[in-house]
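J.: To start, I am sharing the structure in question, which I have written as structure tokens.
What follows draws every value from the coordinates through simple rules; no lab data is involved. If you're wondering where the values come from, they're calculated on a predicted model, not measured in any experiment. Positions of Cβ are backbone-derived with ideal geometry, glycine not excepted, and every protein chain shown enters the neighbour counts.
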Amino acid sequence: MTEMTPVTNAEAQQTAPKTRAMPDAQTVTAVTHWTDRLFSFRVTRPATLRFRSGEFVMIGLMQEDPKTGREKPLLRAYSIASPSWDDELEFYSIKVPDGPLTSRLQHIAVGDEIILRPKPVGTLVHDALLPGKRLWLFATGTGIAPFASLLRDPQTFEDYDEVILTHTCREVGELAYGRDLIDHIRSDEMLAELMGEGFHEKLRYYPTTTREESAKMGRITDLMRSGEAFADLGVEAPRSETDRAMICGNLAFNLELKAMLEEYGLEEGANSDPKHYVVEKAFLD
Ligand code: A2P
């Protein structure tokens, strides 16, 4: 039998592994690469985490500080794409080749661990909107993520008679995550049971591309300005009496659409002051 030799503090420091246990670690359960620029992944959900569909959390990986050589968390805000009733958490991300986080995060595999700070926040929540009849969800690129959560939340269809998701991307391949989501929502029987009667008829999907040929081309902002989007959907332009909206995309898109909604007479709401529309940036690296 070998005797255990007590390790002194000094020795322990020398032999300690370089990577210390990760704080707030969650395990990756699935990874899907949609294009060479886009991927989604699922992780275990902390037992205590409660969130409202549409909120975001900080997630990331440990990274060595080049100055001190110490490991510290590198975190970014990510919208939770899964609904609040799901056992796991889903995220949808861009891969930025030189991005400090996504250049590494894109290589995660099932069984790996990521950091997830369990403090959800955000404005793309039902609580920030006054009651209305029609809900517009306007997204570009990965900005669809919070809507992937909201579109699988029964409350979305309980609160509105009609829910219109618009998604503008540069190329057709970038629409795949959203298309798959909508197909799943429309065909999954278990989900249908959960979402309540008639929700299928309420859901409208309006994908557009700007740099590759597809069934509907153009920026949603231009398509609204010309009236084409409203004619396609058979609806009027948004009005403060009936319409509510959530915006999530790149900064220029958010600003342009926000100005348009204001012109239609809608006002921006917040958790503490619900009104007609809310905006959030799709966070990029
Ligand atoms: P475009 O190709 O005409 O720039 P990105 O990948 O750069 O975040 O863009 C995602 C999508 O958002 C692209 O289709 C892009 O169109 C569109 N977009 C960019 N800026 C605006 C804007 N101000 N209004 C509407 N759509 C925009």
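J.: Enter the per residue convex hull volume of segment 5-121, computed from alpha-carbon coordinates, in Å³ rounded to the nearest integer.
T.: Enclosed volume per residue, from the Cα hull, is 139 Å³.
J.: In the P(r) worked out for segment 149-285, what percent of Cα pairs fall beyond 24 Å? Each step should come with its number before you reach the end.
T.: Details: 3119 of 9316 pairs.
So the pairs more than 24 Å apart make up 33 percent of the total in segment 149-285.
J.: Here's a follow-up. Which shape class, rounded, prolate or oblate, goes with segment 100-180 when its Cα gyration tensor gives a ≥ b ≥ c as root eigenvalues, a/c under 1.5 marks rounded, and past that a/b bigger than b/c marks prolate?
T.: In terms of gyration-tensor shape, oblate.
J.: Cut-off 14 Å, label point 7 angstrom out along Cα-to-Cβ of T29: give me the residues of segment 68-108 whose amide nitrogen falls inside.
T.: 81-91
J.: Counting only pairs 8 or more residues apart or on different chains, how many lysine pairs in the chain have their Cα atoms under 14 Å apart?
T.: Close lysine pairs under the 14 Å cut-off: 5.
J.: Please give me the summed charge of the neighbours of V121: other residues whose Cβ is under 11 Å from its Cβ, Lys and Arg +1, Asp and Glu -1.
T.: Values: positive: R52, R117, K119; negative: E55, E280.
Surrounding charge for V121 is +1.
J.: Report the GluC sites (Glu not before Pro) located in segment 190-222 that are in a DSSP loop and have at most 16 other Cβ atoms inside 10 Å of their Cβ, or state none.
T.: The qualifying sites are E197, E212, E213.
J.: Between R225 and D127, 0.36 nm times their residue separation minus their Cα-Cα distance comes to what?
T.: 32.4 nm
J.: Now for a separate question. Apply the a/c threshold of 1.5 to the C-alpha gyration tensor of segment 154-196 and tell me whether it is rounded, prolate or oblate.
T.: On the way: a/c = 4.29, a/b = 1.63, b/c = 2.63.
Oblate shape, in that a/c is at least 1.5 and b/c is the bigger or equal ratio.
J.: Amide H neighbours of L74 under 5 Å, at least 5 residues apart or on other chains, H built in the peptide plane: list them.
T.: L61, M62, Q63
J.: Evaluate E = 1/(1 + (r/R0)^6) for K67 and V172, where r is the Cβ-Cβ distance and R0 equals 51 Å; express this FRET efficiency to the nearest 0.05.
T.: 0.70
J.: Could you run the Karplus curve 6.51 cos²θ - 1.76 cosθ + 1.60 with θ = phi - 60° over segment 138-155 and give me ³J(HN,Hα) per residue in whole Hz, x for Gly and Pro?
T.: Coupling constants for segment 138-155: 9, 10, 10, x, 6, x, 6, 3, x, 6, 4, 6, 4, 6, 10, 9, x, 4 Hz.
J.: Oh, and also: In whole Hz, what ³J(HN,Hα) sequence does segment 163-168 give by Karplus (6.51, -1.76, 1.60; θ = phi - 60°), x for Gly and Pro?
T.: For segment 163-168, the Karplus curve yields 10, 10, 9, 10, 9, 10 Hz.
J.: Take the Cα coordinates of the chain, assign each an equal point scatterer, and use the Debye formula without solvent to give log10 I(q)/I(0) at q = 0.12 Å⁻¹.
T.: The computed values of log10 I(q)/I(0) come out as -0.77.
J.: While we're looking at this one, here's another question. Quick one: among P66, P46, P118, which has the greatest mean-square fluctuation in a GNM of the chain with alpha-carbon springs under 10 angstrom?
T.: Greatest mean-square fluctuation among the candidates belongs to P66.
J.: While we're here: Under a crude label model (7 Å from the Cα following the beta-carbon direction), how far is A252 from S214 in nanometres?
T.: 1.8
J.: Using the alpha-carbon centroid of each, what span in Å lies between segment 228-285 and segment 153-214?
T.: Each part's Cα centre sits 17 Å from the other's.
J.: May I ask for the net charge around R45, where only other residues with Cβ less than 11 Å from the Cβ of R45 are counted and Lys, Arg are +1 while Asp, Glu are -1?
T.: Neighbourhood net charge equals -2.
J.: Helix-only estimate, please: 222 nm mean residue ellipticity of the chain, summing -39500 (n - 2.57) across DSSP H runs of length 4 or more and dividing by its residues, to the nearest 500.
T.: Taken over the chain, the calculation gives -6500 deg cm²/dmol.
J.: Of G132, L151, V279, which is farthest along the charge dipole of the chain in the positive direction, counting Lys and Arg as +1 and Asp and Glu as -1 at C-beta?
T.: After comparing all options, I get V279.
J.: In terms of modelled amide H atoms, which long-range or inter-chain residues lie less than 5 Å from the amide H of V163?
T.: L135, L203, R204
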